[in-house]
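Each remark here refers to the structure printed beneath this line.
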């Protein structure tokens, strides 16, 4: 008698459960063998450590504190160099930077309260910034709650005489249409400050070009 198609998934699940139980029994048996058990435990520990390091490296570009650590270890490819830039305050009380993102001109809000630089999907598409493949999805806290975001990399972003290379960004429809220049850019500068109604960005010296 043919098996009804609506029961097939149930049988498949039972088969997978049997395989899982069998694999668990084999692992338990191997763990009881002194030498083999130690080797397997060591491999598990190494795998967990490697996975933890991978997650930290994935998250580091979006956390100014972690990015400073990875930069000191030579693991961060992001670089911000050039000449000092002065940005006057806009009529709305914010600082807006005229930026070139991979050759695409955009007006970006400079926001020291934003942990990471963010692009709208439209800007990302226009600038050719594609979402990176990530093992764990990025979750961002915004005023409207938690949203899912994709990570991306801007090869070249220039603001006046300042040039940022390999700048990590997030892309999400939930962040609206405004492009934001966040702390992962600002913290890579030598210094930034506000004098009166002017924002002053001072990049690190380009040692290679000096």
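The table that follows gives values for the structure above.
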read-out: Scan of region 182-201 for residues that are out of contact with any strand residue (DSSP E or B) (no Cβ under 7 Å at 6 or more places or on another chain) and either surrounded by 12 or more Cβ atoms within 10 Å (Cβ to Cβ) or modelled with pLDDT of 95 or more (or both), ordered by number; value: 183, 187, 194
read-out: Residue in region 165-185 that is part of a strand (DSSP E or B) and farther than 27 Å from residue 133 by Cα present; value: no
read-out: Strands (runs of 3 or more DSSP E) contained in region 82-135 and holding at least 1 residues at pLDDT 90 or above and surrounded by fewer than 17 Cβ atoms within 10 Å (Cβ to Cβ); value: 85-88, 96-101, 104-110
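The values are calculated or read from the model by the stated rules, or taken from the named source; none is laboratory data. Bear in mind the structure is a predicted one, so any value in this text is a computation, not a measurement. Neighbour counts run over all protein chains shown; Cβ positions are idealised from the backbone, glycine included.
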